[in-house]
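Enquirer: Before I ask anything, here is the structure I am working with.
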């Protein structure tokens, strides 16, 4: 399904800005808003940071984008949604990579005490040092 159909299917108007942001997210990775703005501007010419936030909020609310916020880092976004995967973050350079769910069933982890909540998702962030930062300097 192309991006225009995807937006319409989720009840969103098709705009150049939404298409550009979706294209950036579909390139993969976990870009920050600043990275998304820079890369989307190459596609549409003009995109303010506020407009990018508005687009990302709409995409997130529609389930087309996921926002992750590693501690001490800017918010990052990705198009991989709905599968409850996790992330590994480099403590030195901030690189972020996907980690598939260890168990494969939602919520992946069982809480010892659920306090009466119906838990439907677990978010795990692994921290370490990426291969590039492990190299001697």
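The values are calculated or read from the model by the stated rules, or taken from the named source; none is laboratory data. All values derive from a computational prediction rather than experimental measurement. Neighbour counts run over all protein chains shown; Cβ positions are idealised from the backbone, glycine included.
Enquirer: Any residue that is under 30 Å from residue 10 (Cα atoms), in a loop (DSSP other than H, G, I, E, B) and within 15 Å of the chain's Cα centre (by Cα) - is there at least one of those in the range 101-118?
Expert: Applying the first criterion (under 30 Å from residue 10 (Cα atoms)) to the range 101-118 yields 101-109, 117-118.
Cutting the leftovers down to in a loop (DSSP other than H, G, I, E, B) gives us 101-109, 117-118.
Adding the requirement that they be within 15 Å of the chain's Cα centre (by Cα) leaves none.
Within the range 101-118, not a single residue is under 30 Å from residue 10 (Cα atoms), in a loop (DSSP other than H, G, I, E, B) and within 15 Å of the chain's Cα centre (by Cα).
Enquirer: Sticking with this structure for a sec: What's the number of the only condition in (1) surrounded by fewer than 17 Cβ atoms within 10 Å (Cβ to Cβ); (2) in a helix (DSSP H, G or I) that residue 74 fails to meet?
Expert: (2)
Enquirer: So which residues in the range 71-88 are under 14 Å from residue 33 (Cβ atoms) and within 11 Å of the chain's Cα centre (by Cα), if there are any at all?
Expert: 75, 76, 77, 78
Enquirer: I've got another one for you. Looking at residue 89 and the list (1) over 30 Å from residue 13 (Cβ atoms); (2) in contact with a strand residue (DSSP E or B) (Cβ under 6 Å, 6 or more places away or on another chain); (3) surrounded by fewer than 18 Cβ atoms within 10 Å (Cβ to Cβ), which single condition is not satisfied?
Expert: With (1) over 30 Å from residue 13 (Cβ atoms); (2) in contact with a strand residue (DSSP E or B) (Cβ under 6 Å, 6 or more places away or on another chain); (3) surrounded by fewer than 18 Cβ atoms within 10 Å (Cβ to Cβ) applied to residue 89, the lone miss is (3).
Enquirer: To continue, here is another question. If the Cβ limit is 9 Å and pairs must be 6+ apart or interchain, which residue in the range 1-18 that is on the phi > 0 side of the Ramachandran plot pairs with which residue that is at pLDDT 95 or above and surrounded by 13 or more Cβ atoms within 10 Å (Cβ to Cβ)?
Expert: As it stands, the answer is 11/62, since those pairs meet every condition given.
Enquirer: Please determine, by comparing only the residues of the range 6-28 that are within 11 Å of the chain's Cα centre (by Cα) and surrounded by fewer than 16 Cβ atoms within 10 Å (Cβ to Cβ), which one is nearest to residue 73 (Cα to Cα).
Expert: 28
Enquirer: Return the residues of the range 83-97 that are modelled with pLDDT of 90 or more and either in a strand (DSSP E or B) or not assigned by TED's automatic domain parsing to the domain that holds residue 135 (or both); say none if nothing qualifies.
Expert: Filtering the range 83-97 down to residues modelled with pLDDT of 90 or more leaves 87-97.
Hits for the range 83-97 are 87, 88, 89, 90, 96, 97.
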